[in-house]
Amino acid sequence: MNQLLPDTTTRALRYLAGLPTRSVAPSPEAMARLAEFDTHLPAGPNHPAETLRLLDEVGSPATTAMAGPRYFGFVTGGALPATLAANWLASTWDQNTALHRAAPATAVIEAVALRWLLDVLQLPPTATGTFVTGATVANLCALAAARHTLLKRAGWDVEADGLFGAPPITVIVGAEIHPSVTKALGVLGLGRNRVVKIPVDNQGRLRSELLPTLCGPTLIIAQAGNVNTGACDPIAAICRHAHAAGAWVHVDGAFGLWAAAAPTLNSIVAGVADADSWATDAHKWLNVPYDCGLAFVRDPLALQAAMAIAAAYLPTEGAQRNPADFTPELSRRARGVEVWAALHSLGRSGIASLIERNCALARRFAAQLSAAGLEILNDVVLNQVLVTFGDAERTTRVIAAIQAEGTCWAGITVWQGRTAMRISVCSWATTEADVDQSVAAILSVNGSL
């Protein structure tokens, strides 16, 4: 360990130092070397230093520079220095953060982080939360709590008796619902196709005036941050309509929920605290290492009823909060340590500054691309920019070319019938110079085709 960990530090620092200047996409030569991993299982032990060398010398060059300042794909943040360091230390602790009695340090740190998150996201202070892998599982947890409550009100114990013969739950979503939500609905037995889809406007916002009259157990799923445009549903109006009929409102806010933490942007998610549950990611706008999703539920008992576990060998007695009672997992790493580190190192003003700065950089992208004669397809309200280069074929070629050129990385999408480049600005490390350099590369590639 005394030799291996310093070597790891040296290699990691070298990797980080190279991010600003390297190609964001790995080179074909680096990709070809990945074949060196595909060997027979070694017959005997290798020295750990040799294992690390192979990982670094072959693996590092073949990575996409997602932790760097010019990766704009998949709404991915980098890793703040404090969160990377916390990740290393928490991995050294190697705590299974399922039960308070078994892992008191990480259980307490997670509980504090959840309390701070409720504060910074302006959610009800009496709500509860849990750390999971990402927004898909966060949505699943919150929707499981909704399923529990809606069926309990109808006289049905879904955890004990399952869904066979249960009263039906009407699920209402916007037409631009994210597939992670429909996946969660399918896993929960509520059906990917058994949903009522409400039309959206030209930015992807659910048109709340088209919500139907509600009757019986009903779940409405709103969106904070459309994955293409960044637009947010009118959550306050949706909640008023839903709660008048006893319906549950869940907010899928994988990245858009973080607008609540920024004073200049929180009006975009007005009314979000009126919902009954929420899902978001910390590995997006809070810039912690992968993976870290977050689910929050207004009624702590609802989430606990849907997720709690008990067995004779588990030390669950006492009044302390056991993280395993709020998540599908029993064995789980201490994801909350990195979140605590991000919140502690940034503070309230630092979080707001990070989010507001990214949104300003997105507007800078849009302004420069528009000034060059390209069409921006969305209102840039948060950190998402959609730009088209003409027809679908040309836009596709430009995106492939800019990814291969390596200055930056942006993905492809189709927005209301138009093929577009999607630029997502999420990293703490991105600067105005990175935007300007990326725009110059995009325009150069577009001009050369």
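Just a few scattered comments:
- Between THR63, THR92, THR97, the distinction of being in contact with a helix residue (DSSP H, G or I) (Cβ under 6 Å, 6 or more places away or on another chain) and not basic (Lys, Arg) belongs to THR97 only.
- The criterion of being assigned to a loop (DSSP other than H, G, I, E, B) and surrounded by fewer than 16 Cβ atoms within 10 Å (Cβ to Cβ) holds for PRO45.
- Tallying residues that are within 16 Å of ASN226 (Cβ to Cβ) and surrounded by fewer than 23 Cβ atoms within 10 Å (Cβ to Cβ) within region 391-421 yields 7.
- Any hit, region 289-303, residues being assigned to a helix (DSSP H, G or I) and crowded, with 24+ Cβ neighbours inside 10 Å: yes
- Conditions (1) farther than 24 Å from LEU211 by Cβ; (2) in contact (Cβ under 8 Å) with a residue 40 or more places away in the chain; (3) assigned to a helix (DSSP H, G or I): number failed by ALA160: (2)
- ILE355 meets all of the listed conditions (1) more than 27 Å from GLU29 (Cα to Cα); (2) touching a residue at least 60 places away in the same chain (Cβ under 8 Å); (3) surrounded by fewer than 17 Cβ atoms within 10 Å (Cβ to Cβ) but one, namely (3).
- Test: residue in region 229-252 that is under 16 Å from the mean Cα position of the chain (by Cα), of a type in the set (Gly, Ala, Ser) and within 21 Å of LEU140 (Cα to Cα): no
- Extreme residue, farthest from CYS359 (Cα to Cα), among residues of region 422-445 that are acidic (Asp, Glu) and surrounded by fewer than 16 Cβ atoms within 10 Å (Cβ to Cβ): ASP436
- Hey, ALA273 of a type in the set (A, V, I, L, M), under 30 Å from GLY155 (Cβ atoms) and surrounded by fewer than 24 Cβ atoms within 10 Å (Cβ to Cβ) or not: yes
- Top-ranked residue of region 268-285 - restricted to ones that are of a type in the set (A, V, I, L, M, F, W, C) and in a helix (DSSP H, G or I), ranked as farthest from VAL137 (Cα to Cα): ILE268
- Condition check for GLY189: surrounded by fewer than 16 Cβ atoms within 10 Å (Cβ to Cβ), touching a strand residue (DSSP E or B) at 6+ places or on another chain (Cβ under 7 Å) and part of a loop (DSSP other than H, G, I, E, B): no
- The single condition among (1) within 22 Å of PRO69 (Cβ to Cβ); (2) crowded, with 21+ Cβ neighbours inside 10 Å that GLN368 does not meet is (2).
- Residues that are part of a strand (DSSP E or B) and not hydrophobic (A, V, I, L, M, F, W, C) within region 235-255 comprise HIS250, ASP252, listed in sequence order.
- Contact map, region 42-66: first residue under 15 Å from THR9 (Cβ atoms), second residue of a type in the set (Asp, Glu), Cβ cut-off under 7 Å, separation 6 or more or different chains; pairs are ALA49/ASP7; LEU52/ASP7.
- Only listed residue being crowded, with 18+ Cβ neighbours inside 10 Å, outside any loop (DSSP other than H, G, I, E, B) and at pLDDT 95 or above, chosen from GLY129, GLY59, GLY68: GLY129
The values are calculated or read from the model by the stated rules, or taken from the named source; none is laboratory data. As the structure is a computational prediction, the values presented were derived from the model and not from experiment. Cβ coordinates were reconstructed from backbone atoms using ideal geometry, including for glycine residues, and neighbour counts include every protein chain displayed.
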